[in-house]
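Engineer: Once you've had a glance at the structure underneath, I'll fire off some questions.
The values are calculated or read from the model by the stated rules, or taken from the named source; none is laboratory data. Owing to the predicted nature of the structure, the values given are computational and were not obtained by experimental measurement. Cβ placement follows ideal geometry from the backbone for every residue including glycine, while neighbour counts extend to all protein chains displayed.
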């Protein structure tokens with residue numbers, strides 16, 4: 001117990017916040033175990049959460065082992081925005097015209113008061129009654145049901161013409177994208193958010209977007225009102241909704257390479273995603289080439305092993321036939337000797353009988 005308390009004292013405030021957030025996301029009650037997982041991943045929250053989900057679902061790890069851990073006082077925050085990542089944020093549209101500005105300024109105090117009171121009420125409410133999404137995915141995890149429920153709700157709201165949804169959990173989508181060396185587009189629908197509804201209706205369901213996503217990527221989507229979508233939002237940490245991220249394989253791990261927040265028109269969405277895909281396509285092509293080379297080497301080695309085994313079996317078959325031939329010759333020679341011995345014994349027996357008969361004849 002003393003060692004455990006000492007190890008907790010060594011954590012910085014940022015690390016403590018990560019530790020509690022990781023425990024909340026994964027539902028692991030043992031803080032020491034949570035710390036060990038974070039230590040093993042260099043306190044990379046995204047890598048630790050994804051690998052923990054994969055381990056629970058019996059899937060292989062998505063992220064490779066991290067580099068050596070830095071000293072605790074210098075531990076950086078989780079880096080989900082590397083230098084090569086593209087971040088696009090679309091601000092809410094400003095009022096157009098004097099009437100719109102007047103209405104906006106008139107409603108601003110009421111909107112501010114309403115928002116403040118609502119946030120205070122929700123904060124107090126969550127102190128008494130925890131968020132059911134956190135409880136549900138920390139106790140009973142059924143990500144497939146969450147994804148299927150979101151797809152059914154999306155179709156009921158926006159129709160049947162939409163991108164082909166990946167029907168699986170987020171971690172399964174990551175694993176398949178890594179295995180197939182494809183881009184993964186993740187869409188998070190905001191809870192009761194007008195902009196998310198507008199983006200889904202006007203941009204996401206546009207025919208050109210449907211064709212583009214179906215031809216060049218896997219597409220996974222969920223709403224943050226479901227535990228699976230809420231868990232993914234805690235890992236990706238979007239600042240606003242709707243949220244679209246582009247993930248691909250970089251440096252042997254799945255990495256977020258683009259983030260789009262806000263309502264993006266269909267043509268702009270395609271242009272931005274295509275631009276980032278073209279930037280990362282050479283790296284994926286190199287990975288594909290390396291994988292093909294490894295597969296070719298493994299296939300060649302397997303063929304050589306098969307040829308060696310066939311040659312070994314042929315040699316063994318030849319040796320078996322030689323052994324059978326030697327045994328057959330030995331049996332024939334043994335039978336011939338036995339026949340000769342039988343003839344010799346018969347001759348000796350006849351000679352003995354002649355002598356006996358001759359001795360019985362009177363002189």
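Engineer: Look through 197, 206 and report the one residue that is assigned by TED's automatic domain parsing to the domain that holds residue 172, surrounded by fewer than 19 Cβ atoms within 10 Å (Cβ to Cβ) and over 18 Å from residue 170 (Cα atoms). Talk me through it step by step, then tell me what you get.
Structural biologist: Working: 206 fails: surrounded by fewer than 19 Cβ atoms within 10 Å (Cβ to Cβ).
Within the list 197, 206, the selection yields 197.
Engineer: Just the residues that are in contact with a helix residue (DSSP H, G or I) (Cβ under 7 Å, 6 or more places away or on another chain) and modelled with pLDDT of 70 or more, please, taken from region 1-20.
Structural biologist: Of everything in region 1-20, those that are in contact with a helix residue (DSSP H, G or I) (Cβ under 7 Å, 6 or more places away or on another chain) and modelled with pLDDT of 70 or more turn out to be 12, 15, 18, 19.
Engineer: From the list 219, 212, 226, pick out the single residue that is touching a strand residue (DSSP E or B) at 6+ places or on another chain (Cβ under 6 Å) and outside the structural domain of residue 51 (by TED's automatic domain parsing).
Structural biologist: Of 219, 212, 226, the one residue that is touching a strand residue (DSSP E or B) at 6+ places or on another chain (Cβ under 6 Å) and outside the structural domain of residue 51 (by TED's automatic domain parsing) is 219.
Engineer: Further, regarding this structure: Sort out which residues of region 209-253 are part of a helix (DSSP H, G or I), closer than 18 Å to residue 266 by Cα and in contact with a helix residue (DSSP H, G or I) (Cβ under 6 Å, 6 or more places away or on another chain), and write them in order of number.
Structural biologist: 209, 212
Engineer: Now for a different question. Could you grab the pairs with beta carbons closer than 6 Å, sequence gap of 6+ or different chains, first residue in region 12-29 and within 14 Å of residue 231 (Cα to Cα) and assigned by TED's automatic domain parsing to the domain that holds residue 52, second one in a helix (DSSP H, G or I) and at pLDDT below 70?
Structural biologist: Cβ pairs passing all conditions: 27/138.
Matching residues to (1) in contact (Cβ under 8 Å) with a residue 60 or more places away in the chain; (2) more than 24 Å from the chain's Cα centre (by Cα):
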residue: 263; (1), (2): yes, yes
residue: 267; (1), (2): no, yes
residue: 270; (1), (2): yes, yes
residue: 292; (1), (2): no, no
residue: 343; (1), (2): no, yes
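Engineer: Mind telling me which of the residues 187, 154 ends up being surrounded by 19 or more Cβ atoms within 10 Å (Cβ to Cβ), modelled with pLDDT of 90 or more and in a helix (DSSP H, G or I)? Step through it out loud before you land on a result.
Structural biologist: Details: 187 fails: in a helix (DSSP H, G or I).
Unique residue meeting the criteria: 154.
Engineer: Hey, does region 281-294 have a residue that's loosely packed, with under 10 Cβ neighbours inside 10 Å and assigned by TED's automatic domain parsing to the domain that holds residue 182?
Structural biologist: Yes; the residues of region 281-294 include at least one that is loosely packed, with under 10 Cβ neighbours inside 10 Å and assigned by TED's automatic domain parsing to the domain that holds residue 182.
Engineer: Further question on the same structure: Mind listing just one residue for me: the one in region 29-60 that is in a loop (DSSP other than H, G, I, E, B) and surrounded by fewer than 16 Cβ atoms within 10 Å (Cβ to Cβ) and, of those, modelled with the highest pLDDT?
Structural biologist: The initial filter retains those residues of region 29-60 that are in a loop (DSSP other than H, G, I, E, B), namely 29-30, 41-44, 57-60.
Imposing the further condition that a residue be surrounded by fewer than 16 Cβ atoms within 10 Å (Cβ to Cβ) reduces the set to 29-30, 57-58, 60.
On the way: 29: 69, 30: 74, 57: 56, 58: 55, 60: 54.
Only one residue fits best here, namely 30.
Engineer: Still on this structure: Among 253, 322, which is buried (at least 18 other Cβ atoms within 10 Å of the Cβ), farther than 21 Å from residue 208 by Cα and either without any contact (Cβ under 8 Å) to a residue 24 or more places away in the chain or in the same structural domain as residue 181 (by TED's automatic domain parsing) (or both)?
Structural biologist: Just one listed residue meets the conditions, 253.
Engineer: Within region 123-146, track down each residue that is under 13 Å from residue 225 (Cβ atoms) and either modelled with pLDDT of 95 or more or outside any helix (DSSP H, G or I) (or both).
Structural biologist: The answer is 131, and nothing else.
Engineer: Okay, moving on. Confirm whether residue 356 is assigned to a helix (DSSP H, G or I) and surrounded by 10 or more Cβ atoms within 10 Å (Cβ to Cβ).
Structural biologist: Working: assigned to a helix (DSSP H, G or I): yes; surrounded by 10 or more Cβ atoms within 10 Å (Cβ to Cβ): no.
Answer is no for this residue.
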